1. Mind checking the dipole of the stretch 255-397: about its Cα centre, +1 per Lys or Arg Cβ, -1 per Asp or Glu Cβ, Debye to the nearest 20?
2. Cα to Cα, under 18 Å, and not fewer than 8 places away if on the same chain: which lysines meet these conditions relative to Lys36?
3. Of all beta bridges DSSP finds with both residues in the chain, what is the antiparallel percent, to the nearest 5?
4. Of Lys78/Lys361; Lys94/Lys245; Lys94/Lys188, which ones are farther than 21 Å apart at the Cα?
5. Averaged over all directions, how much area does the convex hull of the C-alpha atoms of the stretch 37-115 cover when projected, in nm²?
6. In debye, nearest 20, what is the charge dipole magnitude of the chain about its Cα centre with +1 on Lys and Arg Cβ and -1 on Asp and Glu Cβ, if you could check?
7. Taking Cα atoms, how many degrees apart are the long axis of helix 159-171 and the longest axis of the chain, rounded to 10 and kept between 0 and 90?
8. Any idea what Rg and Dmax come out to for the stretch 253-341 if you just take the C-alpha atoms, in Å?
Amino acid sequence: MSRSYLGDDCLQYLKQRQSFLWLNPNYQNRSSAPLKPDESRLYEASERLLRLAPLLKTLFSELESSGGIIESTLTHIKALNQAIDLPPGDLFLKNDHQLPVAGSIKARGGIYEVLCFAERLALENGIIENIDDDYSKLADSHARELFSRYRIVVGSTGNLGLSIGLISSALGFSVTVHMSVDAKEWKKQRLRENGVNVVEHANEYSNAVAAGREQASRDPFAYFIDDENSPLLFMGYAVAALRLKNQLDEAGRKVDEQHPLFVYLPAGVGGAPGGITFGLKAIFGSNAHCFWAEPVESPCCLMGLATAASNRLPAVSQLQLTNRTDADGLAVGCASHWVCNAIRDGVSGVYTATDGELYQKLKQLHDLAQTDVEPSAAISLLGPKLLSSPTGVRYCDEHHLSEYMSNATHIAWLTGGALVPDDEYSRYLSLAEKYTK
Ligand SMILES: *Cc1c(COP(=O)(O)O)cnc(C)c1O
């Protein structure tokens, strides 16, 4: 790992698969981001989702009550706040594991990018005249006939494929999902039941993405959703920040210099936590503190954020890490270069955790909050206590937060789980029992 900002201590922790908190030395160093995305894109994405809401409402009956808006709740669970060792402040759960349609955070980015493509085709082919036209026309037979000529292609560890597959087939697109070895059997089955073409790969995520990219490049009617390189996915995720701002207002939670906001985001390739961090920094600036979370075997974003902007990003295999984890949504060996460059100065730090630690949190969520999530999501609950560690205390001191910690809002971002079959979830719980013994 040449020209990286990782110190020797940090390399030791990484190589020994020890969970730890890494503080990002580039945080707030404005000059380190050569490709800063334009903030106006965030508001554009939010407007587009409003335009498309009537269409989504037509396509998915579960969106009836929200008028076609895909959003999750923000909850404060007293039992959880009392039972787990928190730093001062209040812990909230952001329940993206319950996002309608896809049951994971991928309902934000994945669905947004497919909708962008559908809108573009509809405008180019006269299905709608302009953006003020009636968008429910995108669900009629003319539109379906048009969409059926195109193929959406994507590579995934599971959840992105699930979200892209479900929205694409609902709109009438042909769709192929290239699944990495980590993808769970039930996710593939669910897609096949919805008419999605699933291609299984015996190797890791980056190979599945490469296979999809290659297939799409040979087909003029293919549209490839590039999880490693997509400003559209990123902005779809970023809209979550605008919605969260409203939810915090409704809950009476202030965010300012004396009321810091800490957000803990599970990271795979970096798109979802990157987009949300971007959105939160646009809204709350230096009062939002975003920490990302990764399994000890897959700390690719930590390594990517620690690498100089112009350098090729390292893969976790360079540290002899295996990228094997039960947190399948986070099983990514090399982060998105684009995302790391876009948000390198916005991420406060990254922490790692063992599968055992995240299973303990999965069980706590079940016992204390009646909240059932997949292992990837449970990692977010490990964030708050790290702020009481020596490294966390140093961060708070450096940013003049220590005296305001009792006013802090902590948000554990629960990123997936609603679609997990019951027997699969029972298996997680019994694994959790084993780890808590
Ligand atoms: C995809 C995913 C993430 C992380 O998103 P990236 O864009 O890959 O960083 C986190 N949790 C779950 C459950 C996911 O499916």
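1. 340
2. Lys281
3. So the antiparallel bridges amount to about 20 percent of the total.
4. Lys94/Lys188
5. Spelled out: convex hull of the Cα atoms, projected over all directions, averaged, 7.2 nm².
6. The dipole of the chain has a size of about 560 debye.
7. Approximately 20 degrees, to the nearest ten.
8. Gyration radius and largest Cα-Cα distance of the stretch 253-341: 14.2, 44 Å.
Just so you know, all these numbers are worked out from the coordinates, no wet-lab data involved. Because the structure is predicted, anything quoted here is derived from the model rather than measured. So basically every Cβ, Gly included, is an ideal-geometry build from the backbone, and we count neighbours across all protein chains shown.
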